[in-house]
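Engineer: Please see the structure below; I have some questions.
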Amino acid sequence: MFDFLPIFYYTTIYFHVLLLIMLGLCVHLLSINLQNLKAINMTGVLGYLVLIWVILYMGTRPDSPQFGDSYFYAHSFRMEQLGLVSYKSKDFVFSNFLKFSAQTMTLQQFFLLIDVIYIVPCFLFAKKHFKNYWFYAFFMFIGSFSFWSYGVNGLRNGIATSIFILALTFYDRKLICYALMFLAFGFHSSVIIPVVGFVMATFYRNTRILLIGWLLLIPISLASGGFWEGLFSGFMDDGRTTYLGSANVDNQTVRGFRWDFIVYSAMGIFAGYYFILKQKFTEKFYVHLFNTFLTANGFWILVIRANYSNRIAYLSWFLMAPVIIYPLVKMKFWKNQNMILAATIAVYYMFTYFMLVIKG
């Protein structure tokens with residue numbers, strides 16, 4: 001659909017467009033009061049247009065090695081379609097999903113469907129938990145550091161985490177919630193990490209102790225070298241990349257103790273600490289959400305030296321957007337909260353823009 005765009009600039013264009021949208025949102029926020037629902041609802045019109053654009057732009061991307069794992073899945077799709085090779089993976093739901101798709105649709109339709117499954121849960125989550133303010137939350141999702149990557153590259157991880165987000169949309173209907181989490185596990189077994197974090201947070205709600213534990217994991221990981229990677233080696237093997245072992249390191253992978261990733265994670269950690277412990281914002285859903293993020297991120301710190309550390313970190317990072325923005329639209333903390341919200345959205349997205357466009 002957007003084949004007329006130069007393939008080399010396809011990804012960069014996405015971030016430039018989001019930059020313009022972010023600037024428009026911030027200007028709008030600076031000129032209104034957050035209690036003015038008529039003004040807030042105006043952003044909803046833009047929100048629906050952005051939703052459609054992101055789905056089409058991401059879902060109808062060209063079939064090119066430029067998009068990483070997409071090229072591998074395209075090859076598997078064609079082999080399955082021709083009956084030459086049957087796609088096999090331990091992720092049983094995704095395997096059957098690919099086989100069914102190869103028999104019933106084109107490759108372009110397959111990728112479009114994947115990105116519908118990837119993007120729509122973020123929209124539904126935002127509509128459910130943020131009501132009139134849904135577009136601010138949705139923009140935080142699509143402007144997140146790893147959002148584009150897991151819609152065009154780490155597809156199974158992306159689908160699995162988005163179905164987890166869909167499960168949180170049914171937070172008050174536990175049977176559906178856990179059924180969707182099981183479905184997410186079937187798309188990519190690595191999602192067991194946030195699922196376990198969610199279950200643990202159901203029974204243990206002491207955020208202060210969990211925060212202390214998260215902080216202690218940093219020196220523990222520093223001191224233990226590669227012990228934890230060896231202990232969990234094979235657990236994150238998806239059949240193509242051994243995340244925790246020493247093999248299959250591509251030339252874009254940076255190994256070692258990732259202080260830059262910890263600083264990025266600390267944005268979400270600080271948000272939860274500030275709102276829950278300092279501002280006493282203890283709404284049940286938010287505390288549960290933050291404790292899940294905290295637990296999943298703590299696991300990543302233990303295996304931070306893994307080959308594909310960003311893929312493990314993403315198992316908590318996909319929750320960072322709602323962790324940061326949720327309290328800002330649920331409770332009034334400051335007189336000029338519209339300015340704080342605008343600054344939060346700007347800083348959050350500019351990190352993405354700097355890392356992926358300016359720094360490259």
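The values are calculated or read from the model by the stated rules, or taken from the named source; none is laboratory data. All of these numbers come straight from a predicted model, not from anything done at the bench. Backbone-built Cβ (ideal geometry, glycine too); neighbour counts: all protein chains shown.
Engineer: Being out of contact with any helix residue (DSSP H, G or I) (no Cβ under 6 Å at 6 or more places or on another chain), crowded, with 23+ Cβ neighbours inside 10 Å and either among the hydrophobic types (A, V, I, L, M, F, W, C) or at pLDDT 95 or above (or both): is that true of PHE97 here?
Structural biologist: Criteria not met by PHE97.
Per-residue answers, yes or no, for (1) of a type in the set (Gly, Ala, Ser); (2) surrounded by 17 or more Cβ atoms within 10 Å (Cβ to Cβ); (3) at pLDDT below 95:
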| site | (1), (2), (3) |
| --- | --- |
| ARG205 | no, no, yes |
| ARG208 | no, no, no |
| ILE220 | no, no, yes |
| PHE227 | no, no, yes |
| SER233 | yes, yes, yes |
| TYR243 | no, yes, yes |
| ALA247 | yes, no, yes |
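Engineer: Restricting to the stretch 311-360, and then to whatever is free of Cβ contacts under 8 Å to residues at least 12 places away in the same chain and not in a helix (DSSP H, G or I), can you tell me which residue is farthest from GLY151 (Cα to Cα)?
Structural biologist: Only one residue tops the list, namely LYS335.
Engineer: Testing VAL50 on (1) touching a Phe, Trp or Tyr at 6+ places or on another chain (Cβ under 8 Å); (2) at pLDDT 90 or above; (3) loosely packed, with under 14 Cβ neighbours inside 10 Å, one condition comes back false. Which one is that?
Structural biologist: Status for VAL50: all satisfied but (3).
Engineer: A further question follows. Could you please find all residues in the stretch 266-293 being under 17 Å from the mean Cα position of the chain (by Cα), aromatic (Phe, Trp, Tyr) and under 12 Å from ARG208 (Cα atoms)?
Structural biologist: Of everything in the stretch 266-293, just one residue is under 17 Å from the mean Cα position of the chain (by Cα), aromatic (Phe, Trp, Tyr) and under 12 Å from ARG208 (Cα atoms), namely PHE290.
Engineer: Of the residues that sit in the stretch 3-19 and are of a type outside the set (A, V, I, L, M), closer than 22 Å to PHE139 by Cα and without any contact (Cβ under 8 Å) to a residue 60 or more places away in the chain, which one is surrounded by the fewest Cβ atoms within 10 Å (Cβ to Cβ)? Can you show your working first?
Structural biologist: Filtering the stretch 3-19 for residues of a type outside the set (A, V, I, L, M) gives 3-4, 6, 8-12, 14-16.
When the remaining residues are screened for being closer than 22 Å to PHE139 by Cα, the result is 9-12, 14-16.
Still in the list and also without any contact (Cβ under 8 Å) to a residue 60 or more places away in the chain: 9-10.
Values: TYR9: 10, TYR10: 18.
Only one residue tops the list, namely TYR9.
Engineer: Within the stretch 146-177, count every residue that is within 17 Å of VAL199 (Cβ to Cβ), hydroxyl-bearing (Ser, Thr, Tyr) and crowded, with 19+ Cβ neighbours inside 10 Å.
Structural biologist: Qualifying residue count, the stretch 146-177: 1.
Engineer: Additional query: What number of residues within the stretch 71-118 satisfy the criterion of being among the small types (Gly, Ala, Ser) and touching a Ser or Thr at 6+ places or on another chain (Cβ under 7 Å)?
Structural biologist: Filtering the stretch 71-118 down to residues among the small types (Gly, Ala, Ser) leaves 74, 76, 83, 86, 89, 95, 101-102.
If we keep only those that are touching a Ser or Thr at 6+ places or on another chain (Cβ under 7 Å) too, we end up with 89, 95.
Total meeting the criteria: 2.
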